[in-house]
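What follows draws every value from the coordinates through simple rules; no lab data is involved. Every value quoted in this text rests on a predicted model; they were computed, and no experiment measured them. Please note: Cβ atoms are built from the backbone with ideal geometry, for glycine as well, and neighbour counts cover all protein chains shown.
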Amino acid sequence: MTGRLEGKVALITGGASGMGRATAELFAAEGAAVAVTDFDEGLGREVADGIVRTGGRAGFWQMDVSKEAAVASAVASATAEFGGLDILVNCAGIIGVDKPTHEVTEEEWDALFAVDVKGVFFATKHAVPHLIERGGGSIVNFSSIYGLIGNDEFTPYHVAKGAVTMQTRQDAASYGRYGIRVNSVHPSTVLTPLVEGIAAEYPGGLSAYEEMMTANQSIRRLGRPEDVAYGVLYLASDESTWVTGVALPLDGGYTAR
């Protein structure tokens with residue numbers, strides 16, 4: 001039985017840890033050649049080397065998604081290495097400052113948008129010509145439940161994820177004629193290394209943190225990176241060839257309530 005991504009080439013930004021790493025490892029297990037890209041060279045190489053050790057195809061490219069020249073170079077190099085590109089996953093992101101609009105500095109706003117919004121723009125811009133050459137493909141953008149709804153925390157991050165949600169729809173409308181599908185995933189709180197660190201410092205530890213963070217969910221547990229990775233896998237695969245412009249919540253029912 002062949003894998004769900006057999007013969008595909010995927011490039012993943014932010015692939016060194018958390019949901020990006022889980023996606024890279026799952027894609028490789030399902031038959032894709034995976035270009036792991038990340039700002040963190042040590043962790044990124046660890047992911048790519050681990051995939052190769054288990055019999056998969058992968059390579060690592062260091063990339064700062066906020067720098068267009070770095071993105072263009074990595075996309076071109078990875079595409080040349082693997083002979084084409086079928087899938088782009090825009091996972092790289094930072095959370096930024098926890099401030100309301102009137103307290104955010106211009107520098108704080110720009111630093112967040114440089115990664116979370118321009119990063120998606122740059123990677124998409126430089127991947128699309130390769131997808132067109134391939135005759136189509138799939139782009140999956142990581143947004144957030146807070147790219148769909150608001151709350152009173154992390155304002156720059158939530159506004160940035162709203163921009164990612166809208167770019168997804170715009171690009172889905174623009175590139176369908178080329179057979180390119182563009183969708184977004186919208187996780188709620190997922191137990192990544194970052195969240196594990198926050199939970200460990202929360203009064204009462206992980207169990208208390210999980211109870212608090214999932215109070216508005218239908219399924220009362222934190223997400224796991226693989227919960228999100230399987231949603232990304234569906235959108236990246238040929239199982240979803242009639243699906244584009246979709247904002248898929250992966251949130252334990254948070255946005256259903």
Exercise. Step through the residues of the range 199-213 one at a time and calculate ³J(HN,Hα) from phi using the Karplus curve (6.51 cos²θ - 1.76 cosθ + 1.60, θ = phi - 60°), rounding each to whole Hz and writing x for Gly and Pro.
Key: 5, 5, 8, 6, x, x, x, 4, 5, 5, 5, 4, 4, 5, 6
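Going by C-beta contacts inside 10 Å, put 194, 248, 85, 235 in order with the fewest on the left. Before the final figure, lay out each step's value.
Details: 194 13, 248 19, 85 26, 235 23.
By the 10 Å Cβ count, ascending, the order reads 194, 248, 235, 85.
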Practice problem: Rounding to the nearest 20 debye, state how big the charge dipole of the range 92-191 is about its Cα centre with +1 on each Lys and Arg Cβ and -1 on each Asp and Glu Cβ. | Solution: 760
Practice problem: Name the long-range amide H neighbours of residue 181: under 5 Å, sequence gap of 5 or more, or other chain; modelled H, no Pro or chain starts. | Solution: 137, 138, 139
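With +1 assigned to the C-beta of every Lys and Arg and -1 to the C-beta of every Asp and Glu, and no other charges, what is the dipole magnitude of the chain about the Cα centre in debye, to the nearest 20?
Values: 19 positive and 32 negative charges, 182 e Å.
With Lys and Arg at +1 and Asp and Glu at -1, about 880 debye.
What FRET efficiency would be calculated for the residue pair residue 178, residue 52, taking the C-beta separation as r and a Förster radius of 35 Å, to the nearest 0.05? Don't skip to the end; give the middle numbers.
On the way: r = 32 Å, r/R0 = 0.91.
Efficiency, from the Cβ-Cβ distance: 0.65.
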Practice problem: Kindly express, to the nearest 10 degrees and within the range 0 to 90, the angle between helix 106-116's C-alpha long axis and the longest C-alpha principal axis of the chain. | Solution: 40
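Residue 246 to residue 97: extension gain in nm, 0.36 nm per residue of separation minus the Cα-Cα distance? Mind dumping the intermediate values first?
Working: separation 149, 0.36 × 149 = 53.64 nm, distance 2.83 nm.
Once the chain is fully extended between residue 246 and residue 97, it gains 50.8 nm.
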Quiz prompt | Per-residue HN-Hα couplings for the range 62-73 [Karplus 6.51, -1.76, 1.60; θ = phi - 60°; Hz; x = Gly/Pro] | solution = 6, 8, 9, 5, 7, 10, 4, 4, 5, 5, 4, 5
Quiz item: What's the extension gain from residue 238 to residue 149 if we count 0.36 nm per residue and subtract their Cα-Cα distance?
Solution: 29.1 nm
Self-check item: Gained length - residue 108 relative to residue 215, 0.36 nm times residue gap less alpha-carbon distance
Solution: 35.5 nm
Quiz item: For the range 142-157, in order, what is each residue's ³J(HN,Hα) by Karplus, 6.51 cos²θ - 1.76 cosθ + 1.60 with θ = phi - 60°, in whole Hz (x at glycine and Pro)?
Solution: 7, 9, 6, 4, 8, x, 10, 10, x, 8, 9, 10, 6, 3, x, 4
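Restricting to DSSP loop positions (anything but H, G, I, E, B) with no more than 15 other Cβ atoms inside 10 Å of their own Cβ, which trypsin sites (Lys or Arg not before Pro) remain in the range 146-243? Walk me through the numbers on the way to the answer.
Working: sites: 161, 169, 177, 181, 220, 221; in loops: 220, 221.
Here the sparse-neighbourhood loop sites are 220, 221.
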Self-check item: Lys, Arg +1 and Asp, Glu -1 on Cβ, resulting dipole of the range 86-133 about Cα centre, debye, nearest 20
Solution: 200
Self-check item: Between helix 18-29 and the chain: long-axis angle, C-alpha atoms, 0 to 90°, nearest 10
Solution: 30
Quiz item: Relative to the first principal axis of the alpha-carbon coordinates of the chain, what is the inclination of helix 118-134, with its axis defined by its Cα atoms, in degrees from 0 to 90 and to the nearest 10?
Solution: 30
Quiz item: [x] 57, 39, 34; [y] 49, 38, 36; [z] 48, 43, 34: which one is Cα extents along the principal axes in Å as calculated from this entry?
Solution: [y]
